[in-house]
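Shown next, in structure tokens, is the structure this report addresses.
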Amino acid sequence: MTPEISLTRTRTPLPRPDDSSLSFGKVLTEHMFLMDYEEGRGWHDPRVVPYAPFQMDPATSVLHYGQAVFDGLKAFRGDDGTIRIFRAERHAKRLNKSCAALCIPQMDEDLIRRSFEAIVAADHDWVPRAPGTSLYIRPTVIARDVMLGVHPAHRYTYFVICSPVGSYYKEGVKPVRILATDTHVRAVQGGLGEAKTAANYAASLSAQQEAERAGFTQVLWLDGVERKWIDEVGTMNIMMKIGDEVITPPLAGTILDGVTRNSILTLMRDWGLRVSERRVSIDEVMAAGRDGTLEEMWGTGTAAVVSPVGQLGYKGDVITIGGGQTGALTQKLYEAIVAIQYGRSNDPHGWMSEVKDPVEA
Ligand SMILES: *Cc1c(COP(=O)(O)O)cnc(C)c1O
């Protein structure tokens, strides 16, 4: 038995934004989930409370050394009104895996999953209703020691906040331009690439800024040793279709085990497509782009589901993929995932979990 989650409702309900005004991550809901860790006591006091700022000593360790992990998942309001979370168990497992990479003590995975359900239940009115909208769930763990020595902390806070988000593709799925960088690296073997941690995002900012200044939307990351093998795109996993083979880089230590990546690989295997998790070099992709066999390329991630790549730049060359349009397979994958998320198609792999009535205090 995992512990009960207590609930303290807000006494000052906030006005909910209009569904049509939603973008990404700007509006937060009126409750949050909290749980604390102290050495000797373990994780304790799981609770849903009114959303409020933290008071933090300026010497708090997370503010200096970045011992922080997070995850990101979504709840959807189906056409039948039922609220369902996409792949809560897999996200809970991944959060624990990220914790392990940063010396943060493990949590009970069932309790993590229930923390998602508890916060969504408390803020169920905040799950938007307009087509394409959802409630983004952001679980995070931070180190709370108050001292300037570098050491894994003895105290942590786990919190979950939520944000109602608008449709990523208000005007239909739209291809982006990406730039392969051979000057910056995101992660290396033995580093933190497999963890969803603040540090990886900090490491990505200057390359991202350079790509934007050069007129591209995202960075295509190459491996840190040979600067040759494709790792990820921006903060998404990358896939491409060359001839009749769909290729995605393997989970070999530098890339994140994306839940969308896993879901899409599963669907494509269900459909009998030829799918390879193998190393793929930037030279192979540029050559396939030039000889016309690179049919489609897309990123995968929770925020967008898929993000088609219309153009790819590398060392001054730019190739256009699939005429710069969204490919048929990319579009089909997007529609298949979204149909499962909103409960419009059946869910053969049991990815959706229903959020039941709000927890009672
Ligand atoms: C979150 C993230 C992804 C996508 O993972 P999903 O579980 O599909 O959202 C991919 N790469 C990186 C670096 C990420 O942080």
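The values are calculated or read from the model by the stated rules, or taken from the named source; none is laboratory data. A quick note: this is a predicted structure, and the numbers were derived from the prediction, not measured. Cβ coordinates were reconstructed from backbone atoms using ideal geometry, including for glycine residues, and neighbour counts include every protein chain displayed. Quick note on the areas: whole protein, heavy atoms, side chains included, nothing else; ligands and nucleic acids left out. Shrake-Rupley method; radii C 1.70, N 1.55, O 1.52, S 1.80 Å.
Across the chain, Cα pairs under 8 Å and at least six residues apart give a relative contact order of 19 percent.
As a rough guide to protection, the peptides 308-317, 82-91 ranked by mean Cβ packing within 10 Å, highest first, stand as 82-91, 308-317. Pull out a ≥ b ≥ c, the square roots of the eigenvalues of the alpha-carbon gyration tensor of the stretch 14-75, then state rounded if a/c is under 1.5, prolate if not and a/b is larger than b/c, and oblate in the remaining case. Prolate is the answer for the stretch 14-75, as a/c is 1.5 or above and a/b outweighs b/c. Of the peptides 111-122, 343-354, the order by per-residue mean of other Cβ atoms within 10 Å, starting with the highest, comes out as 111-122, 343-354. Pairs with C-alpha atoms separated by more than 23 Å, drawn from the list K170/K332; K74/K356; K97/K228; K74/K228; K196/K332, are K97/K228; K74/K228; K196/K332. The ratio of the alpha-carbon radius of gyration of the stretch 51-198 to the globular-protein estimate 2.2 N^0.38 Å is 1.21. Using a Gaussian network model of the chain whose springs link C-alpha atoms within less than 10 Å, name the residue from G224, G191, G172 with the highest mean-square fluctuation. Evaluated over the chain, the most mobile residue of the options is G172.
Percent of accessible area on the chain owned by carbon and sulfur, 1.4 Å probe? Within the chain, the accessible surface is 51 percent carbon and sulfur. Helical content alone sets the calculated 222 nm signal of the chain at -7000 deg cm²/dmol, taking -39,500 (n - 2.57) per DSSP H segment of four or more residues and averaging over every residue. In summary, the chain shows an alpha-carbon radius of gyration equal to 1.01 times the 2.2 N^0.38 Å reference for compact globular proteins. Determine the shape class of the stretch 249-361: with a ≥ b ≥ c the square roots of the Cα gyration tensor eigenvalues, call it rounded for a/c under 1.5, and otherwise prolate if a/b is greater than b/c, oblate otherwise. It comes out prolate by the Cα gyration axes.
Residues in the chain average 45 Å² of solvent-accessible surface per residue, probe 1.4 Å, ligands and nucleic acids excluded.
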